[in-house]
1. Among (1) 51, 30, 21; (2) 65, 34, 28; (3) 40, 36, 31, only one was calculated for this model; which label is it, if the read-out is Cα extents along the principal axes in Å?
2. Once you've got the GNM for the chain with C-alpha springs shorter than 10 Å, pick whichever of Thr95, Thr117, Thr106 has the biggest mean-square fluctuation.
3. What order do Lys123, Lys67 take when sorted by accessible area (1.4 Å probe), most exposed first?
4. For Thr95, list long-range residues whose amide hydrogen, built 1.01 Å from N in the peptide plane, is under 5 Å from its own amide hydrogen.
5. Roughly how many Å² is the accessible area per residue of segment 1-103, as a whole number, for a 1.4 Å probe?
6. Could you work out the relative contact order of the chain? I mean the mean sequence separation of Cα pairs under 8 Å and 6+ apart, divided by the number of residues, in percent.
7. In the neighborhood of Ala105, defined by Cβ-to-Cβ distances under 11 Å, what is the net charge if each Lys or Arg adds +1 and each Asp or Glu adds -1?
8. Among the listed pairs Lys63/Lys143; Lys67/Lys109; Lys89/Lys122; Lys63/Lys126, give every one whose C-alpha distance is greater than 29 Å.
Amino acid sequence: MKIEASKNISKIARGVIRHFDQLGLASLSEFSPARGLRVDIITLGMLDEIWIVECKSGISDYKSDKKWQNYLGWCDRYYWAVDVNFPIKILPAGTGVIIADAYDATILKEAPINRLTAPRRKKIIKSIAQSACIRLLSHTDPKM
């Protein structure tokens with residue numbers, strides 16, 4: 001059951017990242033903004049906004065997520081990404097909603113903006129850049 005949920009999350013994440021790419025937004029999956037936290041997707045949005053997207057495979061996956069509120073201090077906008085069969089009415093107010101499959105996504109409800117402080121924004125952008133560079137290096141030089 002866990003393997004199937006993981007596959008569904010991967011498909012949802014892929015669709016979201018593809019959609020963001022079509023919008024000209026840069027995304028990174030499986031990113032850690034701080035020790036003990038790991039978000040499914042972090043995106044550099046319009047006007048240097050930081051967006052975090054958590055992908056949920058179903059109700060039990062959503063209900064078992066006890067850390068999502070800790071991510072709010074690391075982004076300007078927070079979204080849930082779910083498939084078309086997910087009961088979106090159970091998602092908390094004050095967050096955005098994205099409907100996705102393995103091939104594309106649609107922003108169903110925009111997330112409100114909660115601006116990060118300038119020092120936090122600088123720290124997170126630097127961390128995103130470092131993570132992206134390290135991942136790219138592992139692809140260009142597998143012995144690293």
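1. (3)
2. Thr117
3. Lys123, Lys67
4. For Thr95, no residues qualify.
5. 52 Å²
6. The value is 23 percent.
7. Result for the neighbourhood of Ala105: -1.
8. Lys63/Lys143; Lys89/Lys122; Lys63/Lys126
The values are calculated or read from the model by the stated rules, or taken from the named source; none is laboratory data. Because the structure is predicted, anything quoted here is derived from the model rather than measured. Every residue, glycine among them, receives a Cβ derived from its backbone with ideal geometry; neighbour counts consider all protein chains shown. Protein only, heavy atoms only, side chains kept; ligands, DNA and RNA dropped before computing areas. Shrake-Rupley method; radii C 1.70, N 1.55, O 1.52, S 1.80 Å.
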